[in-house]
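Down below is the structure, laid out as structure tokens.
Coordinate-derived values only; no laboratory data. Source: prediction; values computed, not measured. Note that we place each Cβ from the backbone using ideal geometry, even for glycine, and neighbour counts take in every protein chain shown.
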Amino acid sequence: MTQPSIHVAHEDYGSSGRYVVTLAGVPGEAELTWRNGGPGIIVADHTYAPDSMRGTGVAAAMVRRLVADARARGVMIVPACSYVRAQFERHPEWADLQAG
């Protein structure tokens, strides 16, 4: 089976936001939510992928986008969500972005 092309959209509400993925022909949407954790810190607090998207790589893609955006903005990430925390453990090259 061919992996679908994954486009991660970012919705920024100022003090919070989310990363969202929808896949053509696949019901539902995946999301990773974040909130402001103080000056220069964002808290990644929730990741969800519906059963229809499990195993497609959407959750990992959202975390990669979160990390890339944090680097670009010069902010640190508190991986409060267990999935984001697990991804940080798998990627020691992201350690410089981890707060708390």
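Things to note:
- Estimated FRET transfer efficiency (ALA95, ALA9; beta-carbon r; R0 35 Å; 0.05): 0.85
- Taking other residues whose beta carbon is less than 14 angstrom from the beta carbon of ARG65, and scoring Lys, Arg as +1 and Asp, Glu as -1, yields 0.
- Residue-averaged 222 nm ellipticity for the chain, from DSSP H runs of 4+ at -39500 (n - 2.57), nearest 500: -8000 deg cm²/dmol
- Note that the stretch 43-57 has calculated 3J(HN,Hα) couplings of 10, 7, 10, 6, 10, 9, 10, x, 3, 5, 10, 4, x, 8, x Hz, one per residue in order, obtained from phi through the Karplus relation 6.51 cos²θ - 1.76 cosθ + 1.60 (θ = phi - 60°); glycine and proline are x.
- Helix 58-73 and the long axis of the chain differ in direction by around 30°, with both axes built from C-alpha atoms.
- Computed over neighbours whose Cβ is under 14 Å from that of GLN98, the net charge equals 0, Lys and Arg +1, Asp and Glu -1.
- Across the chain, C-alpha contacts under 8 Å between residues 6 or more apart give a mean separation that, scaled by the residue count, equals a relative contact order of 22 percent.
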